[in-house]
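To start, the structure itself, in structure tokens.
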Amino acid sequence: PEGNYCLQAQDVLVLVAPHAAAAKRCVVPRPSATSAATVAPEESKGLYLAESLVKSDGQLRLGPAADGPKTVLVLGCPGAGDIAEILDTIDVHVSSGSSVHILSRTPVAEREEWILQHLKMTGRSNFNRITVQQYEGESTNKWDMTKLPLESAHCALVLAERLRDDESTLAVDSRNLTSAIFLKQKLDELIQASAGAIPRSASTATNMTVMTTLTDASGPSAAGSRGKKCKMVTELLDAKSETVLDGNAGVRKQGSFMYTNARETAIYALAVEHREVYELFIQLADPYCGIGFVTVAPINHYVTGRTR
């Protein structure tokens with residue numbers, strides 16, 4: 001929130017402690033009857049501990065992705081170490097029984113070897129909560145996209161995949177925007193088909209000049225044929241891409257966008273100015289660090305009204 005934001009009683013407070021013992025000291029007053037189901041009683045003290053965000057199987061329960069198995073689509077494979085770490089992050093946040101489906105022009109055998117080596121280095125033979133399905137094809141090809149389980153998808157990541165070592169970031173971003181537009185179009189077609197209507201959409205993206213006319217599908221999320229919504233996140237590398245999006249509302253409707261290089265620069269700046277904050281951030285970003293214990297509690301357990 002903004003620096004001048006005033007905490008409200010309906011807000012939720014996330015507490016980060018260095019270990020479980022410290023977290024257990026973060027007790028809250030006895031909640032009202034309406035919120036009693038969300039907390040567990042602490043014996044002998046008459047106080048209540050907030051329910052942990054970390055489940056017994058290690059899942060970090062943050063956001064709508066935390067409940068129930070999810071189907072995640074990944075278009076593009078950025079490289080050996082990167083894709084393995086991305087899968088690790090997904091594995092931490094989703095429920096057991098979730099699946100990740102990767103479409104990339106990189107040979108399937110090569111990608112599977114990357115993942116296997118990563119798992120061996122961390123002493124595992126598979127992921128904890130996800131299964132990974134690999135598909136070979138072009139992320140900008142609408143026919144190759146049909147290999148993916150579009151009807152059941154909950155979210156989609158369009159990742160930057162360089163086809164050559166010397167490929168420019170603008171070329172990568174242009175391809176990612178094309179993939180995002182085509183994927184959005186396929187999802188819209190599913191919506192229209194389920195409603196018994198003929199889809200009305202057309203889109204082109206060439207050399208970062210994007211023109212699109214898409215049937216409205218309730219903003220950045222498109223409801224699937226089974227009533228689900230598929231949230232799309234597209235990775236962009238070049239600083240000029242943000243300028244292009246600022247002037248094109250039609251492209252911004254394709255979903256959310258992640259400016260990787262800009263975020264990396266901000267993290268390096270944080271490391272220089274606030275070393276202790278940077279170290280905490282790195283520890284929290286590592287799903288297997290084992291440092292940090294996260295709990296959550298409603299603000300109304302601590303404040304009432306507009307307490308400052």
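General remarks:
- Residue that is buried (at least 19 other Cβ atoms within 10 Å of the Cβ), in contact with a Phe, Trp or Tyr (Cβ under 9 Å, 6 or more places away or on another chain) and in a loop (DSSP other than H, G, I, E, B), where the choices are Leu103, Leu148: Leu148
- Residue selected from region 74-127 under the condition under 14 Å from the mean Cα position of the chain (by Cα) and among the β-branched types (Val, Ile, Thr), by the criterion farthest from Leu157 (Cα to Cα): Val92
- Each residue in region 265-308 was checked for being modelled with pLDDT of 75 or more and closer than 30 Å to Ser174 by Cα, and 6 pass.
- Residue within region 241-251 that is modelled with pLDDT of 80 or more and in contact with a Gly (Cβ under 7 Å, 6 or more places away or on another chain) present: no
- A count restricted to region 123-137 and to residues that are open to solvent by 30 Å² or more (accessible area, probe 1.4 Å), part of a loop (DSSP other than H, G, I, E, B) and either in contact (Cβ under 8 Å) with a residue 12 or more places away in the chain or in contact with a His (Cβ under 6 Å, 6 or more places away or on another chain) (or both) stands at 1.
- Criterion: within 19 Å of Phe257 (Cα to Cα) and surrounded by fewer than 19 Cβ atoms within 10 Å (Cβ to Cβ) - qualifying residue of Ala180, Ala160, Ala171, Ala156: Ala171
- First in region 104-122 and aromatic (Phe, Trp, Tyr), second anywhere and surrounded by 13 or more Cβ atoms within 10 Å (Cβ to Cβ) and part of a helix (DSSP H, G or I), Cβ under 9 Å, 6 or more apart: Trp114/Ala80; Trp114/Ile83; Trp114/Ala84
- Residue check for Thr140: buried (at least 19 other Cβ atoms within 10 Å of the Cβ) and out of contact with any Cys (no Cβ under 6 Å at 6 or more places or on another chain): yes
- Selection of region 89-103 for residues being touching an Asp or Glu at 6+ places or on another chain (Cβ under 9 Å) and in contact (Cβ under 8 Å) with a residue 40 or more places away in the chain yields only Leu103.
The values are calculated or read from the model by the stated rules, or taken from the named source; none is laboratory data. This structure is a prediction, so every number in the text was calculated from the model and none was measured. Backbone-built Cβ (ideal geometry, glycine too); neighbour counts: all protein chains shown. For the accessible areas, the whole protein counts, side chains as well, though only heavy atoms, and no ligand, DNA or RNA atoms are used. Shrake-Rupley method; radii C 1.70, N 1.55, O 1.52, S 1.80 Å.
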